[in-house]
Amino acid sequence: MPVVGEWLSFSLSYNTGVAFGLFSGMDIVPAAFVLAAVALVLWAGRDAFGTVRGGIALAPLLGGATGNAIDRARFGHVVDFIELPWWPVFNFADTAIVLGALTLAWQAWRLSRRGAEGGRETR
């Protein structure tokens, strides 16, 4: 169903895999992938927890991953519905995950740059 011209539409899709439908139909792989991803994010973001920017990055990332994991556990799939002509169908949780990951990467780059310059990140 077109929403905004030809570049944004709603299209119901059931994703049984992880990002972009990878590992579809393999029950244990998506669950293991989500658990590993959450553990990796928590480990990678351990230095960012004390900062406002770190919290801003981790909250949507972990919230989106948890929301998708709950849907996958309850229904066996994630409902994707936002469609762009140049991108696979996705949902709001996927958007939160991507924006959180980008923010976390930016924060990590910023912290490493300050460390290289001998400065200190303020909390």
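At-a-glance table
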| item | result |
| --- | --- |
| Check on ALA101, closer than 16 Å to ALA37 by Cα and in contact with a helix residue (DSSP H, G or I) (Cβ under 7 Å, 6 or more places away or on another chain) | yes |
| Near pairs, Cβ below 9 angstrom, 6+ apart or cross-chain, from the range 74-86 (closer than 25 Å to GLU6 by Cα and free of Cβ contacts under 8 Å to residues at least 60 places away in the same chain) to any residue that is surrounded by 11 or more Cβ atoms within 10 Å (Cβ to Cβ) and of a type outside the set (Ser, Thr, Tyr) | TRP86/TRP7 |
| Residue in the range 10-45 that is modelled with the lowest pLDDT, counting only those that are surrounded by 11 or more Cβ atoms within 10 Å (Cβ to Cβ) and more than 23 Å from PHE75 (Cβ to Cβ) | GLY45 |
| Selection status of GLY54, part of a helix (DSSP H, G or I), closer than 30 Å to SER112 by Cβ, small (Gly, Ala, Ser) and at pLDDT 75 or above | no |
| Single residue of the range 81-109 satisfying the filter (assigned to a strand (DSSP E or B) and touching a strand residue (DSSP E or B) at 6+ places or on another chain (Cβ under 9 Å)) that is modelled with the lowest pLDDT | PRO88 |
| Whichever residue in the range 66-80 is more than 12 Å from ASN15 (Cα to Cα) and modelled with pLDDT of 85 or more and, among such residues, is surrounded by the fewest Cβ atoms within 10 Å (Cβ to Cβ) | ARG74 |
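The values are calculated or read from the model by the stated rules, or taken from the named source; none is laboratory data. What you are looking at is a predicted structure, and each value in this text was computed from that prediction instead of being measured. Cβ sites come from the backbone with ideal geometry, for glycine too, and all protein chains shown count toward neighbours.
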